[in-house]
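The values are calculated or read from the model by the stated rules, or taken from the named source; none is laboratory data. These numbers come from a predicted model, not from an experiment. Ideal geometry is used to build each Cβ from the backbone, glycine not excepted, and the neighbour counts take in all protein chains shown. These area figures cover heavy atoms from the full protein model, side chains too; ligands, DNA and RNA do not enter into them. Shrake-Rupley method; radii C 1.70, N 1.55, O 1.52, S 1.80 Å.
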Amino acid sequence: MSSSTTSGRVVVLAGGLSPERDVSLRSGRRVAEALRVAGLTVDVLDADAGLLASLAADRPVCVVPLLHGAPGEDGAVRGVLEALGLPYVGSTPEVCRTSFDKPVASARVRAAGI
């Protein structure tokens, strides 16, 4: 995908409040840089109190959630993005919830014969 075929900006969500905040910020910077090299306009936003207002004021063409820990991995953030009608990269909230709950995920894997 190049900037000539895509208008607008991509938002990478990084940081947040999890104990893995620093890892998320580093991942976010790396992904943002790779997207810029590919010719896209990219902003890295933190999942803080101003996030929803920022997304509403300047809607991105796509969101790349790179938040670690429960809020980023349990489907909650993706659910908010869906409620806002924002496209994002990754699994649906339901799939995230299932995979985040290890006993449920393990039971599903066993039921599939894996």
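Between L52 and V23, the contour length at 0.36 nm per residue exceeds the Cα-Cα span by 8.2 nm.
Rolling a 1.4 Å probe over the heavy atoms of the protein chains gives the chain an accessible area of 58 Å² per residue.
In the chain, the calculated helix contribution to ellipticity at 222 nm averages -13500 deg cm²/dmol per residue, counting -39,500 (n - 2.57) for every DSSP H run with n ≥ 4. Of V44, G72, S99, whose Cα points farthest to the positive end of the dipole of region 5-114 (charges on the beta-carbon: +1 Lys, Arg; -1 Asp, Glu; origin at the Cα centre)? After comparing all options, I get S99. Extending 7 Å from the Cα toward the beta-carbon at both V89 and A112 defines two label points whose distance is 2.2 nm. The 3J(HN,Hα) values that the Karplus relation (6.51, -1.76, 1.60; θ = phi - 60°) gives for region 79-87 are, in residue order, x, 5, 4, 5, 4, 7, x, 9, x Hz. Gly and Pro appear as x. Net charge dipole, the chain: roughly 300 debye, given to the nearest 20, about the Cα centre with Cβ charges of +1 for Lys and Arg and -1 for Asp and Glu.
When volume of the Cα convex hull per residue in Å³ is calculated for this entry, the matching label among (i) 119; (ii) 140; (iii) 195 is (i). Of all the accessible heavy-atom surface of the chain, with the other protein chains kept in place and a 1.4 Å probe, what percent is carbon and sulfur? Carbon and sulfur atoms account for 60 percent of the accessible area of the chain. Ordering D48, D101, D74 by accessible surface, largest first, gives D48, D101, D74; the 1.4 Å probe counts only protein heavy atoms, with every chain in place.
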